[in-house]
Amino acid sequence: MAMDTSTLPPPPVPDPWPAPTASGPIQAVVGLPGSKSQTNRALILAALGERPSTLLRPLTSRDTLLMVQALRALGATLDERDQGWVVTPGELHGPARVDAGLAGTVMRFVPPVAVLARGDVEVDGDPRARDRPMRGLVEALQSLGADLEATSGTAGLGLPLRLHGRGSLAGGPVTVDASASSQIVSGLLLAGARYDAGVRVRHQGAPIPSAPHLAMTVALLRQAGAQVDDTETDVWDVRPGPLHLGEVVIEPDLSNAAPFLGAAMVTAGHVRISGWPRVTTQPGDRLRDLLVAMGARVERHADGLSVHGPGTIHGVDVDLHEVGELTPVLAALAAVADRPSRLRGIGHLRGHETDRLTALATELSRLGAKVRVEPDGLTIVPRPLRPVLVRTYADHRLATAAAVLGLVVPGLQVQDVATTAKTMPGFVELWAQMLSGPPAGAPR
């Protein structure tokens, strides 16, 4: 059956969305959709393979369907079967137009693949996408032998891109500054085995943010049969050779667990996430330690992970450089904590779906908290919160963070909650299910 890659419709809810208020401690079991980061990495590797591969339980969201559309435009075939997607590689070709939307994984993973196509490939996205950092990737591809044209915008070289593919790329050693995004390195590594000389990426600059995502990239490359040497700090060497991902099971998206576990925190309730992996490269696994620091009791089970919210949430001073995507929900929790919090190491969030530091400071201040924007983070001083219309700036994580506060701030509304479809379609429905309690017979 052909996969439907049409734009996902917004949830059938009013805009603005009246965020539900909890009537007491939440007790729920939540099953999450698949990891966006794993799904889009696996799609790239499957499309670059020598024979078909299968992704089981992939995420179907705006970001992943944009990746599907991009790879189909370049020559791959993707079909939906049972609980998975079958990806059949094809000869990469242009002309093609790629819509990256606001997906960092699409705008940074597809160009290193597109240079292998024969013909021209254009990559563009939403207006905000043109402000996201791309210079490191553009300059690296040019250094490796790619023929491309980039636009000089507010963030330097970036979208829209026009790539003139010749069917191959020389590859070899390249030095990049990936301090703006780990996706710059991941994009080069994912396609590197298909370059004539492979690729040897050396990062030179400030520490790379979201480094666990690099471990995820390397793990999936090795699963696909690539030879990867990452023993030297800030150096990744991918040897040229064939790829075949085979069958891969996509884990639940642990970063998307944050609002649901945050619900347990603010209501002093108990939420269990089913299917939480024992071993994972997902940065969202850090939630376990971070929520304990804020007062939670966390338990591992054979079939998941449980968080018991505290009576009082503790303010924290934490470095979130490797897990910046967790910042919005942690900032929401900090706004109702017992003392000020300092969230550090997240200056790079200015280049995400929106300037997340400014957006969080603005909206939390409107709610009543005292927030100071620092060069590398936020200082949040809790104060009594009042209901307002929380603006989301087309950022899915701001929408879910606002939903957490809505549980304890009656009357809070969320603008454009449909933006959650970027990585979690059906969020409103999942939220409602959580509030209705665990399914009958489910252990608590």
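The values are calculated or read from the model by the stated rules, or taken from the named source; none is laboratory data. The shown structure was predicted, so the numbers you read here are calculated from the model rather than taken from an experiment. Methodologically, a virtual Cβ is constructed for each residue, glycine included, from the backbone with ideal geometry; neighbour enumeration extends over all protein chains shown. Just so you know, the surface numbers come from the protein's heavy atoms only, side chains and all, with ligands and any DNA or RNA stripped out. Shrake-Rupley method; radii C 1.70, N 1.55, O 1.52, S 1.80 Å.
When DSSP beta bridges are restricted to pairs lying wholly in the chain, around 70% turn out antiparallel. Shown here for the stretch 98-204: GluC sites (Glu not before Pro) in loop regions (DSSP other than H, G, I, E, B) with at most 10 other Cβ atoms within 10 Å, of which there are none.
Computed over protein heavy atoms with a 1.4 Å probe, the carbon and sulfur contribution to the accessible area of the chain reaches 49%.
Take every pair of alpha-carbon atoms less than 8 Å apart whose residues are at least six positions apart; their mean separation over the length of the chain yields a relative contact order of 19 percent. Computed with a 1.4 Å probe over protein heavy atoms only, the accessible surface of the chain comes to 36 Å² per residue. Centroid-to-centroid, using Cα positions, the stretch 14-40 and the stretch 227-250 are 34 Å apart.
Computed over the stretch 155-215, relative contact order equals 41 percent, with contacts defined as Cα pairs under 8 Å that lie 6+ residues apart.
Per-residue ellipticity at 222 nm from helix content only, as computed over the chain with -39500 (n - 2.57) for each DSSP H run of at least four residues, stands at -8500 deg cm²/dmol.
List the relative contact order of the stretch 121-170 as a percent without decimals, with contacts defined as Cα pairs under 8 Å and 6+ residues apart. Computed over the stretch 121-170, the figure is 46 percent. Taking packing as the residue-averaged number of other Cβ atoms within 10 angstrom, the listed peptides 85-97, 170-182 run from highest to lowest as 170-182, 85-97. Positive contributions from Lys and Arg (+1) and negative ones from Asp and Glu (-1), summed over other residues with Cβ under 14 Å from the Cβ of PRO340, come out at +3.
For the stretch 379-439 versus the stretch 198-221, the spacing of their alpha-carbon centroids is 32 Å. Sorting 192-201, 291-300 by average packing, meaning the other beta carbons within 10 Å per residue, from highest down gives 192-201, 291-300. Distance between the modelled labels on THR312 and ALA219, one decimal in nanometres: 3.8 nm (7 Å Cα→Cβ projection).
Note that the stretch 316-444, at 25 °C in a medium of 0.890 mPa s, gets a Stokes-Einstein diffusion coefficient of 163 µm²/s from its Kirkwood radius over C-alpha pairs.
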